[in-house]
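> Here's a structure for you.
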Amino acid sequence: MKIIHTADWHLGQTFYGHDRAKEHKVFLDWLRATIKERSTDILLIAGDVFDTPNPSAEAQRMFYHFLKDVTAENQSLQIIITAGNHDSAARIEAPAPLLNSFNIQVSGIVHWNEDGIDFDRMIIPIKDGGCCLAVPYLRHNEYPEAENYSQGVAKVYSELYARAKERGYSPIIAMGHLQASGAEVSVGDSSEHLVIGGMEGIEATFASEGIIYTALGHLHKAQRVAHRDNVRYSGAPLPMSFAERRNRQSVTEVIIEDGSCNIEKVEFETPVKLLSIPSTPQPLDCVLEEIAALETGEIRWDSPLLEVRVLVSSVDTMLRQSIEEALEGKAVRLTRIEAVSNITRNDDERPMTYDDFKNSDPKELMKDIFKRENKMEMPDHLSLLLDEIIKEVRA
């Protein structure tokens, strides 16, 4: 049995205003060719098919065209899809009656019956007498009674595994869209912190040792979980933020034979690179030198997307204009300028970004600067004078 595991497509995403539809089409065309070339039996898509619960018509059209084309080219292919936290569970499951006729099963909604959760709807038969425990992203009211979220999710997988085992299914694979404890999150990436926290981290033991492979989605870096080779995130096919620019994109191929599985990452070369210069924020003159070294040429849809990081000591109203002028004729697309102050708060040695400046209380900021420069707290008379100045400016 040959399986390809993928997740976190985020179809419909725009990257700082830049449309990514062509990038996603390159990936889907590559995936279709890979499935045919490797004679894949099952395609697992472990959530976050779309970037938002209300995806554009173009994003939905791209997805369903892919399903139509890939099943037409591979008559025996089975596709199993679970919803992620970015997906609308109801929307992604709505066409299930039609998709079933193409051997495509969708698990988006947690269904209920008179006994509670309808577990049987998440047990999907696959070839060779096996099954897939297809668990969508579980929200806080979609698991059995438990002390916390992690235990509730673990109960779902435990119940599903017990039922599959009792019915004689073998091999048993599982899918999920969740944050497993101990997995690596991209440093500085807010996109992966939407549902992550102490109560959201799921212990890796949720996947029973009897499950031959567990296909996960949600984290965008391809990785195994808790040193278990058969519990894996496939990673996202495109980097979702500059924090992910060094990730190597791939899908995971799993070959199950004689009760064991062989796992291989199949790498995908993304058509658009993300550049972040300099590697650490530097003064403007150093930044302009790095910009001068960039490749010149025509700007195209597949030109690199650029982040510029500048170290500033004061507000410079000409900063953006200086950078944009320097980028004229360069074959890159500017996404954002991160202005980082070399001023730090007394209680936080992290340099302040422009967003920090915008969200700071001006009085507290000035008191921090005064203390840093004078090694003492701001005197009361200066504090009162500062209050008057701020009041007059805001009037």
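All of the numbers you see were taken from the coordinates with simple rules; none came from a lab. Keep in mind it's a predicted model, so treat the numbers as computed, not measured. Here the Cβ positions follow ideal geometry from the backbone for every residue, glycine too, while neighbour counts run over all protein chains shown.
> Run the quick spin-label model on Tyr64 and Ser76: label points 7 Å from Cα toward the beta carbon, then report their separation in nm to one decimal.
The two pseudo-label positions are separated by 2.9 nm.
> In which sequence would Glu392, Glu267 go, from the one with the fewest C-beta neighbours within 10 Å to the one with the most? Write out the running numbers ahead of the final one.
On the way: Glu392 8, Glu267 11.
Ordered by Cβ neighbours within 10 Å, fewest first: Glu392, Glu267.
> Just tell me the longest site-free run in the chain, where the sites are chymotrypsin sites (Phe, Trp or Tyr not before Pro) in a DSSP loop having at most 16 other beta-carbon atoms within 10 Å. Numbers along the way, then the final one.
Numbers: sites that count: Tyr16, Trp301.
In short, 17-300.
> Among the lysines, which have Cα under 17 Å from the Cα of Lys367 when same-chain residues fewer than 8 positions away are ignored?
Excluding near neighbours in sequence, the set is Lys358, Lys375, Lys391.
> Let me know the shape class of the stretch 1-136, please: from the alpha-carbon gyration tensor, a ≥ b ≥ c as square roots of the eigenvalues, rounded when a/c is under 1.5, otherwise prolate if a/b is greater than b/c, or oblate.
Working: a/c = 2.08, a/b = 1.17, b/c = 1.77.
Because a/c hits 1.5 or more and a/b fails to exceed b/c, the stretch 1-136 counts as oblate.
> Starting from the stretch 261-320, pick out the trypsin sites (Lys or Arg not before Pro) whose DSSP state is loop and whose Cβ has at most 11 other Cβ atoms within 10 Å.
Values: sites: Lys265, Lys273, Arg300, Arg309, Arg320; in loops: Lys273, Arg300.
Sites meeting the loop and neighbour criteria: Arg300.
> Could you list the trypsin sites (Lys or Arg not before Pro) in the stretch 1-50 that lie in coil according to DSSP, counting only those with at most 16 other Cβ atoms within 10 Å of their Cβ? Each step should come with its number before you reach the end.
On the way: sites: Lys2, Arg20, Lys22, Lys25, Arg32, Lys36, Arg38; in loops: Arg20, Arg38.
Counting only loop positions with at most 16 other Cβ atoms within 10 Å, the trypsin sites (Lys or Arg not before Pro) in the stretch 1-50 are Arg38.
> Report the FRET efficiency, 1/(1 + (r/R0)^6), for Ser313 and Lys22, where r is their Cβ-Cβ distance and R0 is 41 Å, rounded to 0.05. Present the calculation step by step, with values, prior to reporting the outcome.
Working: r = 40 Å, r/R0 = 0.98.
For Ser313 and Lys22, the calculated efficiency is 0.55.
> Still on this structure, I have one more. For the residues His140, His220, what sequence is obtained by ranking on other C-beta atoms within 10 Å, fewest first? Before the final figure, lay out the partial values.
Values: His140 10, His220 28.
If I rank by nearby Cβ atoms, fewest first, I get His140, His220.
> Starting from the Cα of Asp302, step 7 Å along the direction of its Cβ; do the same at Lys371; then give the gap between the two resulting points in nm.
Spacing of the two 7 Å Cα→Cβ label points: 5.3 nm.
> Which number gives the lysine pairs in the stretch 2-267 that have C-alpha atoms under 19 Å apart and are eight or more places apart or on different chains?
12
> Note down the relative contact order for the chain as a percent, whole number, built from C-alpha pairs under 8 angstrom at least six residues apart. It would help to have the intermediate numbers written out before the result.
Numbers: 752 pairs, mean separation 50.1, N = 395.
Dividing the mean separation by the residue count of the chain yields 13 percent.
> Any chance you could run the full-extension gain for Asp361 through Glu145? It's 0.36 nm times the residue separation minus the Cα-Cα distance, nm to one decimal. Don't skip to the end; give the middle numbers.
Details: separation 216, 0.36 × 216 = 77.76 nm, distance 4.36 nm.
In short, 73.4 nm is gained.
> Of the options Asn374, Ser208, Gly259, report the single residue whose Cα projects farthest towards the positive end of the charge dipole of the chain (beta-carbon charges: Lys, Arg +1; Asp, Glu -1).
Checking the options against the dipole of the chain, the answer is Gly259.
> Report relative contact order for the stretch 236-323 in percent, whole number only (criteria: Cα-Cα under 8 Å, sequence separation at least 6).
On the way: 98 pairs, mean separation 22.7, N = 88.
Answer for the stretch 236-323 is 26 percent.
> If I model a spin label at Arg167 and Glu269 as a point 7 Å from the Cα along the Cα→Cβ vector, what separation in nanometres do I get?
4.4 nm
> Taking a ≥ b ≥ c as the square roots of the Cα gyration tensor eigenvalues, with a/c under 1.5 meaning rounded and otherwise prolate when a/b beats b/c, else oblate, which class fits the chain?
Working: a/c = 2.58, a/b = 1.71, b/c = 1.51.
Because a/c hits 1.5 or more and a/b exceeds b/c, the chain counts as prolate.
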